[in-house]
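The values are calculated or read from the model by the stated rules, or taken from the named source; none is laboratory data. Being a predicted model, the structure only gives us computed values, none of them experimental. Note: ideal-geometry Cβ built from the backbone for every residue, glycine included; neighbour counts use all protein chains shown.
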Amino acid sequence: MSIFSGLEQIVSKNYSLARHTWYGLGGPADYFIRPDNTDQLVEVTKRCGESNIPIYVLGAGSNLLIADKGIRGAVVKLEAEAFTAVNYDGETITAGAGAELNKIVLNCTQKGLSGLEALTGIPGTVGGAVRMNSGGRFGDIGAVVESVTLMDNQANMFERSKPDLIFDYRTSNILAKFILGAKLQLSGADPEQILRTVQEIWIYKKNNQPLSTKNSGCIFKNPPGPNGAGALIDRAGLKGLAVGGAKVSEKHANFIVAAKGCTAKDVLRVIDIVKEKVKEKFDVELELEIEIWK
Ligand SMILES: Cc1cc2nc3c(=O)[nH]c(=O)nc-3n(C[C@H](O)[C@H](O)[C@H](O)COP(=O)(O)OP(=O)(O)OC[C@H]3O[C@@H](n4cnc5c(N)ncnc54)[C@H](O)[C@@H]3O)c2cc1C
């Protein structure tokens, strides 16, 4: 009997992941699994556990670089309606992990709900944003997360709430394999003021980031100290550095953009060179902000 017998309609074998990442890069997963509901997710998790198949949880793939050889394991994407529903109840939002964050930011603007403006222009899902504590100079999502619904590797479901949740710079203390959803606590505010803030942040991003390219956002975390990763890379003279189809963006040195024909190997090589040169010049070890699956 096959590992996923009875679940064939949600399991694709040897499935290319490239179209599920913002980079448009990455080889095939042994299994690409899109459960329709929690029961199926539980079953998939148990079967993977019994067969020692590692599980990778994919959001919108906007903070990921996946190796050209792909993934030996199961990649699970929570994109079915059961995982993407969003409920607005006064100033509280309950969102499935697969819900698109940008849409929620937009709805909040219209509904006069303040707290998510800082997430303007950040692609991805609620699950990915909570896992990474996404945000930036304007704030981050952790500030409004009230509680999360989680599921571990053994398919046990449970909740974690404030103050047990700790969010830090691009990280959180949520270690469970799956984030299934999050409750966000916002506050009422003038929709016009929220819109102005959202527009200002959007214009800032458009002016400072290579948004029309294939990329994965900032590659490195900002190191402690006055200089951000982008400034250090720029001052090391690395803007425009290219290997194959991968290039350090001329617009924002902490972005590596992928041109047609680019491979994950090209991006990895540029990452290595940038790390090496910044270490050599400033004695700073750059730490990755993106996640690499290889
Ligand atoms: C143009 C551009 C601009 C960006 N700007 C910013 C920015 O300003 N600030 C910022 O913080 N980020 C930024 N990013 C990075 C990225 O958008 C965020 O990190 C985003 O929140 C990732 O969400 P995702 O759904 O795409 O996650 P993915 O990239 O799919 O996954 C990221 C991580 O989260 C995990 N994950 C995803 N979903 C779940 C889940 N349901 N349960 C458990 N784990 C899960 C994955 O396993 C992986 O470890 C940018 C990216 C791009 C392309």
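Any residue that is over 18 Å from the mean Cα position of the chain (by Cα), more than 13 Å from the ligand (Cβ to nearest atom), within 28 Å of Ala85 (Cα to Cα) and surrounded by fewer than 16 Cβ atoms within 10 Å (Cβ to Cβ) - is there at least one of those in the range 198-220?
Within the range 198-220, one or more residues are over 18 Å from the mean Cα position of the chain (by Cα), more than 13 Å from the ligand (Cβ to nearest atom), within 28 Å of Ala85 (Cα to Cα) and surrounded by fewer than 16 Cβ atoms within 10 Å (Cβ to Cβ).
When the range 150-164 is examined, which residues are found to be within 14 Å of the ligand (Cβ to nearest atom) and without any contact (Cβ under 8 Å) to a residue 40 or more places away in the chain?
Leu150, Asp152, Phe158, Arg160
Would you mind stating whether Asn215 is under 23 Å from His20 (Cα atoms) and either at pLDDT below 95 or of a type in the set (S, T, N, Q) (or both)?
It is true that Asn215 is under 23 Å from His20 (Cα atoms) and either at pLDDT below 95 or of a type in the set (S, T, N, Q) (or both).
I'd like to check which strands (runs of 3 or more DSSP E) are fully inside the range 37-87 and have at least 3 residues that are more than 11 Å from the ligand (Cβ to nearest atom).
Strands (runs of 3 or more DSSP E) meeting the threshold: 71-77.
Do we find that Ala74 is crowded, with 22+ Cβ neighbours inside 10 Å and either without any contact (Cβ under 8 Å) to a residue 24 or more places away in the chain or under 20 Å from the mean Cα position of the chain (by Cα) (or both) in this structure?
Against the criterion (crowded, with 22+ Cβ neighbours inside 10 Å and either without any contact (Cβ under 8 Å) to a residue 24 or more places away in the chain or under 20 Å from the mean Cα position of the chain (by Cα) (or both)), Ala74 qualifies.
For the range 258-294, what are the residues that are within 15 Å of the ligand (Cβ to nearest atom) and more than 25 Å from Pro224 (Cα to Cα)?
Ala258, Cys262, Ala264, Trp293, Lys294
Out of all the residues in the range 247-264, which are buried (at least 17 other Cβ atoms within 10 Å of the Cβ) and either closer than 19 Å to Glu287 by Cα or without any contact (Cβ under 8 Å) to a residue 24 or more places away in the chain (or both)?
Of everything in the range 247-264, those that are buried (at least 17 other Cβ atoms within 10 Å of the Cβ) and either closer than 19 Å to Glu287 by Cα or without any contact (Cβ under 8 Å) to a residue 24 or more places away in the chain (or both) turn out to be Lys247, Val248, Ser249, His252, Ala253, Asn254, Phe255, Ile256, Val257, Ala264.
For the structure I just gave you, tell me whether Ile3 is more than 17 Å from Lys177 (Cβ to Cβ), in a strand (DSSP E or B) and touching a Cys at 6+ places or on another chain (Cβ under 9 Å).
no
For Pro123, which of the numbered conditions (1) assigned to a strand (DSSP E or B); (2) within 13 Å of the ligand (Cβ to nearest atom) fails to hold?
(1)
Could you identify the single residue in Lys247, Lys239 that is over 15 Å from Asp272 (Cβ atoms) and touching a strand residue (DSSP E or B) at 6+ places or on another chain (Cβ under 8 Å)?
Unique residue meeting the criteria: Lys239.
Quick one: Thr21 ticks every box in (1) farther than 27 Å from Gln154 by Cβ; (2) out of contact with any strand residue (DSSP E or B) (no Cβ under 6 Å at 6 or more places or on another chain) except a single one, so which number is it?
(2) is the only condition that Thr21 fails.
Consider the range 78-98. How many of its residues are farther than 17 Å from Glu146 by Cα and either buried (at least 22 other Cβ atoms within 10 Å of the Cβ) or under 15 Å from the mean Cα position of the chain (by Cα) (or both)?
Total satisfying the criteria: 4.
Within the range 135-149, restricting attention to residues that are without any contact (Cβ under 8 Å) to a residue 60 or more places away in the chain, within 16 Å of Asn102 (Cα to Cα) and near the ligand (Cβ under 9 Å from one of its atoms), which residue is surrounded by the most Cβ atoms within 10 Å (Cβ to Cβ)?
Step by step, filter the range 135-149, then rank; the result is Ile141.
Here is a list: Ala129, Ala118. Which entry is surrounded by fewer than 22 Cβ atoms within 10 Å (Cβ to Cβ), within 12 Å of the ligand (Cβ to nearest atom) and among the hydrophobic types (A, V, I, L, M, F, W, C)?
Ala118
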